[in-house]
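The values are calculated or read from the model by the stated rules, or taken from the named source; none is laboratory data. Everything numeric in this text was worked out from a predicted model, so none of it was measured. Neighbour counts run over all protein chains shown; Cβ positions are idealised from the backbone, glycine included.
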Amino acid sequence: MTREYVEEICAEVLKDVEEKRISIRGAIEDRKENPLIRKLRSLILALCLETVRRYVLLDKIWEHVVGEVPRDSYRRNLIRIVTYEAKYRNVEARRLLRVCMRNNIKVSKEHIRRLRDISENDIVRGLSYEEKLHVKYSIPLWLVKYVLDKFPDGERILESFSQKLPTYARCRIDRRQVLKRLAEIGISAEEDPDLDDAIVLERARLSLIEKTLGNSIYIQDKSSMLVAHVVEKTVNNNNVGIIKIVDTCSAPGGKAIHVVDRLRRCIIIGIDISYRRLLTERYLIYKYDVHHRIDISCSSALRLPLRSLNPDIVIVDPDCTSIGKLSHSPEIRLWLRQHHVHDMARLQYKILKNVIENLRGRFHIVYSTCTITFEENEENISKICDEYGLEIVDLCSIFPKFCNIYMRGSLRLFPHLHRTGGYFISCVRR
Ligand SMILES: C[S@@+](CC[C@H](N)C(=O)[O-])C[C@H]1O[C@@H](n2cnc3c(N)ncnc32)[C@H](O)[C@@H]1O
């Protein structure tokens, strides 16, 4: 059946997200030839994002009012969209009934009225504290339990995952000039108090910003920007000549480009296992005109010939559970499972181990993840320091605002404290 309705397109997009574990934006991009997507991209993106932010609540509402939630991914996501539209967008019942009928979902006008009228309190009545938060914030139950168990301010962390965070951008030219040009096109923004090249945007009208400022600006979360600042401080303290940096998990290159922007005396070899993501990095290093300082290569960080490269600094920014990005990319919650924490921690540890075993002499490793789990962060760093006799560089004294209370010397950022994604950075040396 051809998908003629926006709701059907959204359900297809969310099915792709769930099954292929890709982002909503990526799934929409894959379907960009679809005429409805070409015409209504922003609406489809917003509808998908808002639905996913409430997916547990929407499932519970449906169960309460209509009955069992369909098992197949397409129809499950379709009823989420329909419930969201009934309850939060007041879309007319006739349209929702038509969409359901076309997709063999049996609902009546009375069901739609009750979907609209039911209160969130009715849904969570009688549930345990943890289950209530699971429904309220639509975060997997295992993750709710993990956060409450590990962090004293766990509920605030969970709450912050459902709140919108500011958009940050990095200025590649003088920051005041960028703010002036943004003001001229009616976009208000301000200087970030912590990073001298960062600005905070109130409204992210990205295409207009891009059109006006071209490659003078790079949209990037403040937490990610901090990595290049850490690399810069590490180098300054060393006071050496040309710095050779290997970026082991480089694509799409956000940090590599930032590092060469800040460090005039460095070259980077960017490695990544994903050819597709490296194509994006190649596009970006040409767009930002830094291709002569970043060399990219497709390879696994588990088999890197680092000995011959003999770098001064290695950046390890590996795949992770990305829990710190739940606010900006809520779709992660659709497919993230508890075992992923251990799978990721194992992969990250193996990458670190391989890097260290292939380095000679003195070196620095800057390790970062966009997640909050201890297994992927402190525990990995502790393990490698113990096993290889490495020392943790004290980043706290340089960036006291982001000081990590769970591990001396390293940094942690949290959405509820710093208004950024959740992030971890540590620098170790031999
Ligand atoms: C968090 S992203 C890196 C983001 C990048 N550093 C940036 O700033 O734009 C993690 C990257 O690790 C890559 N990756 C995963 N396993 C890898 C491996 N074994 N070797 C090299 N890269 C790997 C993924 O393809 C992904 O691009």
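Figures for the structure shown
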read-out: Glu375 vs. criteria farther than 30 Å from Ser162 by Cα and either among the basic types (Lys, Arg) or free of Cβ contacts under 8 Å to residues at least 60 places away in the same chain (or both); value: no
read-out: Neighbours by Cβ (under 6 Å, 6+ apart or cross-chain): first from the stretch 313-325, of a type in the set (Gly, Ala, Ser); second within 7 Å of the ligand (Cβ to nearest atom) and in a loop (DSSP other than H, G, I, E, B); value: Ser322/Cys370; Gly324/Cys370
read-out: Strands (runs of 3 or more DSSP E) contained entirely in the stretch 166-220, each with at least 3 residues that are in contact (Cβ under 8 Å) with a residue 24 or more places away in the chain and surrounded by 12 or more Cβ atoms within 10 Å (Cβ to Cβ); value: 167-171, 198-201, 217-219
read-out: The stretch 365-412 - residue that is part of a strand (DSSP E or B) and crowded, with 23+ Cβ neighbours inside 10 Å and, of those, farthest from the ligand (Cβ to nearest atom); value: Leu411
read-out: Residue that is at pLDDT below 95, outside the structural domain of Arg333 (by TED's automatic domain parsing) and hydrophobic (A, V, I, L, M, F, W, C), where the choices are Leu201, Leu158, Leu195; value: Leu201
read-out: Test: Asp247 is within 16 Å of the ligand (Cβ to nearest atom) and either outside the structural domain of Val260 (by TED's automatic domain parsing) or surrounded by 12 or more Cβ atoms within 10 Å (Cβ to Cβ) (or both); value: yes
read-out: Search result, residues across the stretch 263-302 that are buried (at least 19 other Cβ atoms within 10 Å of the Cβ), within 11 Å of the ligand (Cβ to nearest atom) and not β-branched (Val, Ile, Thr); value: Gly270, Asp272, Leu278, Glu281, Leu284, Ala301
read-out: Matching entry among Leu43, Leu36, Leu47 (being touching a helix residue (DSSP H, G or I) at 6+ places or on another chain (Cβ under 9 Å), outside the structural domain of Ser329 (by TED's automatic domain parsing), under 29 Å from Val124 (Cβ atoms) and aliphatic (A, V, I, L, M)); value: Leu47
read-out: Residue check, Val65 out of contact with any strand residue (DSSP E or B) (no Cβ under 9 Å at 6 or more places or on another chain), crowded, with 18+ Cβ neighbours inside 10 Å and either assigned by TED's automatic domain parsing to the domain that holds Gln338 or more than 30 Å from Glu378 (Cα to Cα) (or both); value: yes
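A quick yes/no check of all residues on (1) at pLDDT 95 or above; (2) surrounded by 15 or more Cβ atoms within 10 Å (Cβ to Cβ); (3) under 21 Å from Pro140 (Cα atoms):
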| residue | (1), (2), (3) |
| --- | --- |
| Arg80 | yes, yes, yes |
| Thr83 | yes, yes, yes |
| Ala93 | yes, yes, no |
| Ser108 | yes, no, no |
| Ile118 | yes, yes, no |
